[in-house]
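Inspection log for the structure reproduced underneath, given as structure tokens.
What follows draws every value from the coordinates through simple rules; no lab data is involved. Keep in mind that this is a model prediction, so the values were computed, not measured. Using ideal geometry, Cβ is built from the backbone for each residue, glycine included, and neighbour counts are taken over all protein chains shown.
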Amino acid sequence: MWRYGLALLVVLAVVIGLGRWLGQHRAERQAGQAPVTTPDNSDYYLEDATLYQLDKNGDLAYRAHTVQALHFPNEAARASDITVRYFQGQETPWHIKAKHGRVPAGAKDLYLYDGIDAKHPQTDGETLHVVTDHAWIRPDADQIDTDAHVTASRPGEQIEGDGMRADLAADTVTLLNNVQARYAR
């Protein structure tokens, strides 16, 4: 009987010691960590994330990498420092960088803003370089468009204008208003 009592005391001592150690360890961990909250009333967020957008057929339309992506209860999303590789219907993908991006509630379109730098390698080996302030990527329409001022350049030519529509299926870029072109040899 005294053996059971001794065993019970040993078990009780181990449980009390383990409880104290766990409590102290937990307090030390929590002292070094701030409480976790989501930014700007988002319901969740991702850091250093890669997002994949599929088209209506389930094929990859674009892949976007972002430093931080916020998701909101109304199904809207916002991203910062975003890089998009647009594949849909392209022999060579578009590479598009922007400081910020967002997807409105209930939409698939991606709105990029605060400085857009886009590059599209051409089949002839040259690269089309497009710079603008903001633009929409519309996977269902297979297009990129903007109403902002745009500078599009390739080796030996630079075209500027207000507004642009890039028909990605036809692989064409059209500047819409106040278009000026410069050619160099």
Please list, or write none, the aspartates and glutamates whose alpha carbon is within less than 16 Å of the alpha carbon of K56, excluding same-chain residues fewer than 8 places away. D109, D140, D142
Using only the Cα atoms of segment 48-178, each taken as one equal point scatterer with no solvent, compute I(q) by the Debye sum, divide by I(0), and report log10 of the ratio at q = 0.16 Å⁻¹. -0.77
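With a cap of 14 neighbouring Cβ atoms within 10 Å, and only residues DSSP puts in a loop, list the chymotrypsin sites (Phe, Trp or Tyr not before Pro) found in segment 99-167.
Values: sites: Y111, Y113, W136; in loops: none.
Within segment 99-167, no chymotrypsin sites (Phe, Trp or Tyr not before Pro) qualify (loop, at most 14 other Cβ atoms within 10 Å).
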For segment 75-83, in order, what is each residue's ³J(HN,Hα) by Karplus, 6.51 cos²θ - 1.76 cosθ + 1.60 with θ = phi - 60°, in whole Hz (x at glycine and Pro)? 6, 6, 9, 9, 9, 10, 6, 10, 10
Loop-resident trypsin sites (Lys or Arg not before Pro) in segment 37-130 with no more than 16 other Cβ atoms inside 10 Å, DSSP not H/G/I/E/B, are K56, K108
Please give every one of the aspartates and glutamates within straight-line cross-link reach of K119, meaning a C-alpha to C-alpha distance under 14 Å, and leave out same-chain neighbours fewer than 8 residues apart. E91, D171
What number comes out for the charge environment of L175, summing +1 per Lys or Arg and -1 per Asp or Glu over other residues with Cβ under 15 Å away? -4
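Explain nothing, just the number: dipole magnitude of segment 32-185 about its Cα centre with +1 on each Lys and Arg Cβ and -1 on each Asp and Glu Cβ, in debye rounded to the nearest 20.
On the way: 14 positive and 24 negative charges, 41 e Å.
So the magnitude is around 200 debye.
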With only alpha-carbon pairs counted, each pair once and no self-pairs, how large is the Kirkwood hydrodynamic radius of segment 44-118 in angstroms? 12.6
